[in-house]
């Protein structure tokens, strides 16, 4: 399927009835404030779309026609330079949503989203979201929270590029991902990155080779253990100290 935008496996590739869709929407920041009846109404307008790993779901600069809620799998949000360099802004998992900002301001997409794994989403058309927002002020409140979170994340990333060295940025990224996505195994935190080292490098402003060297240096100092794409956080406090947290 390649990396072309808006390429999906099918709108009905996985069964999901309106009740299951409503349950997923209820877990999101954007729709979590809606009552059961309104959730059902929105869910009835949703379409299940699934994307193969590596597919570009939305492209930077294209019109925003739909918002997506992740049901399963993961994705990365990134921006590209004219020379093809990438900076990863965030990684997303269920029940994260993406693509909502362009729907409300009418502007083109500010970033691209790529499936890191086979991805299943609920797609909601712009008309559905705008009509729901007119009827339910909680949607507008949730949108403001999304904008605030984006500004905070961008500000933090800019500050880290100035005040932290590359190893500190890698350590801080691992701490943050572990807190968001980590699971507990024998009193240690296991982080399944679902990211390549190139992706990690683009999140911290370094090269793949440099990030690889830093990960092994942190392992040699006993901060963590590398097991394929899994990272076992052995000394979380030392890792936090290295990240200046």
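The values are calculated or read from the model by the stated rules, or taken from the named source; none is laboratory data. Quick caveat, the model's predicted, so the values are computed rather than measured. As a convention, Cβ positions derive from the backbone with ideal geometry for all residues, glycine included, and neighbour counts pool all protein chains shown.
I'd like to know if the stretch 152-163 contains one or more residues that are crowded, with 16+ Cβ neighbours inside 10 Å and touching a helix residue (DSSP H, G or I) at 6+ places or on another chain (Cβ under 7 Å). Outline the logic, then answer.
Narrowing the stretch 152-163 to residues crowded, with 16+ Cβ neighbours inside 10 Å: 157, 160.
Remaining after also requiring touching a helix residue (DSSP H, G or I) at 6+ places or on another chain (Cβ under 7 Å): 160.
Yes; the residues of the stretch 152-163 include at least one that is crowded, with 16+ Cβ neighbours inside 10 Å and touching a helix residue (DSSP H, G or I) at 6+ places or on another chain (Cβ under 7 Å).
Need a quick list: strands (runs of 3 or more DSSP E) entirely within the stretch 152-243 having at least 3 residues that are touching a strand residue (DSSP E or B) at 6+ places or on another chain (Cβ under 7 Å) and closer than 23 Å to residue 116 by Cα.
Details: elements: 183-185, 188-192, 224-227, 230-233.
So the answer is 188-192, 230-233.
For the stretch 81-101, the criterion of being in a helix (DSSP H, G or I) and either modelled with pLDDT of 90 or more or under 17 Å from the mean Cα position of the chain (by Cα) (or both) is satisfied by at least one residue.
Checked against (1) in contact (Cβ under 8 Å) with a residue 60 or more places away in the chain; (2) under 19 Å from residue 55 (Cβ atoms), residue 99 meets all criteria but (1). Would you say residue 136 is in contact with a helix residue (DSSP H, G or I) (Cβ under 7 Å, 6 or more places away or on another chain), over 22 Å from residue 236 (Cβ atoms) and surrounded by fewer than 19 Cβ atoms within 10 Å (Cβ to Cβ)? When the stated conditions are applied, residue 136 passes them. Select from the stretch 117-133 the residues that are outside any helix (DSSP H, G or I) and touching a helix residue (DSSP H, G or I) at 6+ places or on another chain (Cβ under 8 Å) and list them in ascending order. Once the filter is applied, which keeps residues that are outside any helix (DSSP H, G or I) and touching a helix residue (DSSP H, G or I) at 6+ places or on another chain (Cβ under 8 Å), the stretch 117-133 yields 122, 124.
Would you confirm whether any residue within the stretch 44-57 is modelled with pLDDT of 85 or more, within 27 Å of residue 158 (Cα to Cα), outside any loop (DSSP other than H, G, I, E, B) and touching a strand residue (DSSP E or B) at 6+ places or on another chain (Cβ under 8 Å)? Yes.
Give the residue that is surrounded by the most Cβ atoms within 10 Å (Cβ to Cβ), with candidates limited to residues of the stretch 91-107 that are closer than 23 Å to residue 191 by Cβ and touching a helix residue (DSSP H, G or I) at 6+ places or on another chain (Cβ under 7 Å).
Filtering the stretch 91-107 for residues closer than 23 Å to residue 191 by Cβ gives 91-98.
With the extra rule that they be touching a helix residue (DSSP H, G or I) at 6+ places or on another chain (Cβ under 7 Å), the set shrinks to 93, 95.
Numbers: 93: 15, 95: 19.
Per the criteria, the residue is 95.
What do you reckon, is residue 81 touching a strand residue (DSSP E or B) at 6+ places or on another chain (Cβ under 6 Å) and at negative phi? No. Can you tell me which residue in the stretch 19-41 is surrounded by the most Cβ atoms within 10 Å (Cβ to Cβ), limited to those that are out of contact with any helix residue (DSSP H, G or I) (no Cβ under 6 Å at 6 or more places or on another chain) and part of a helix (DSSP H, G or I)? Here the residue is 24.
Suppose we filter the stretch 176-210 for residues that are under 22 Å from residue 237 (Cβ atoms) and in contact (Cβ under 8 Å) with a residue 12 or more places away in the chain; how many remain?
Our first condition is that a residue be under 22 Å from residue 237 (Cβ atoms); within the stretch 176-210, this holds for 176-193, 200, 204.
When the remaining residues are screened for being in contact (Cβ under 8 Å) with a residue 12 or more places away in the chain, the result is 177-178, 181-182, 185, 188-193, 200, 204.
Of the residues in that region, 13 qualify.
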